Amino acid sequence: MLRQLMLLLIGAAMVMSQRRLALPDPRSCANRVRHATYRDARGVQHTYFFSWEHGPTRSLEVDWLDARNICRRHCMDAVSMETPQENEFIKQRIARAKIGPTTQRNSGDWSHTGGFGQAQPDNREAAQGNDESCLSILNNFYNDGIKWHDVACHHLKPFVCEDSDELLNFVRSRNPGIRL
């Protein structure tokens, strides 16, 4: 009986320690901090949070999943740059930022150099068993200006959040009358 109880407690601890995507928090969504707004060529408005511009998160550096969960709790998500113009807008505001997983390798503002001096993306951490499936914008880290670099998602970085229509609508649907 004691052995079964111990196994149950160990199993529960393992389940609790697994990292998962966070649901939005209605109060945090209503009070989310927004540092900048950008209107794209289609007229769609994008609103952003920059972790280094907010006192409580000014020196906070987190991995991709933690960044995404912080964003999601505030009805935002890790920024997804959809156009070259949006990329330029973001670049003007950042020192360096964790962006989000990327599978699109054929476009963008990739650096010509990196840790091995090879054009990005180079997946250089693969030899250590780390897939570089996250995109980080580094500010002249390799003397290359503000450029995209592929990095492993466990690296700790500042982050950028962007309003998520899906999460805002989710919170509105479950909290009638909420002002977001």
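The values are calculated or read from the model by the stated rules, or taken from the named source; none is laboratory data. Predicted model, so just to flag it, every value in this text is computed and none were measured. Protein only, heavy atoms only, side chains kept; ligands, DNA and RNA dropped before computing areas. Shrake-Rupley method; radii C 1.70, N 1.55, O 1.52, S 1.80 Å.
Search the structure for amide H atoms under 5 Å from the amide H of residue 46, placed 1.01 Å from N in the peptide plane, and list their residues when 5 or more places away or on another chain.
38, 39, 40
If you plug each phi of the stretch 134-150 into the Karplus form 6.51 cos²θ - 1.76 cosθ + 1.60 with θ = phi - 60°, what whole-Hz ³J(HN,Hα) values come out, in order, with x for Gly and Pro?
Per-residue couplings from phi come out as 10, 9, 10, 9, 9, 9, 6, 4, 10, 6, 10, x, 8, 9, 7, 9, 7 Hz.
In square nanometres, what is one fourth of the surface area of the convex hull spanned by the alpha carbons of the stretch 139-180?
So the Cα hull casts an average projection of 4.9 nm².
What residues qualify as long-range amide H neighbours of residue 110, i.e. H under 5 Å apart, gap of 5 or more or another chain, H built at 1.01 Å from N?
Distant-sequence amide H within range of residue 110: 148.
If you plug each phi of the stretch 35-48 into the Karplus form 6.51 cos²θ - 1.76 cosθ + 1.60 with θ = phi - 60°, what whole-Hz ³J(HN,Hα) values come out, in order, with x for Gly and Pro?
8, 8, 10, 9, 10, 7, 4, 7, x, 7, 8, 10, 10, 10
Divide the volume of the convex hull of the Cα atoms of the stretch 23-178 by its number of residues and quote the answer in cubic angstrom per residue.
117 Å³
Which cross-chain or sequence-distant (5 or more) residues have an amide H under 5 Å from the amide H of residue 63, H modelled 1.01 Å from N in plane?
Placed amide hydrogens put 157 under 5 Å from residue 63.
If you count only protein heavy atoms and use a 1.4 Å probe, how large is the accessible surface of residue 136, to the nearest 10 Å²?
0 Å²
Probe radius 1.4 Å, ligands and nucleic acids left out: which of 33, 171 has the largest accessible area, and how do the rest follow?
From most exposed to least exposed: 33, 171.
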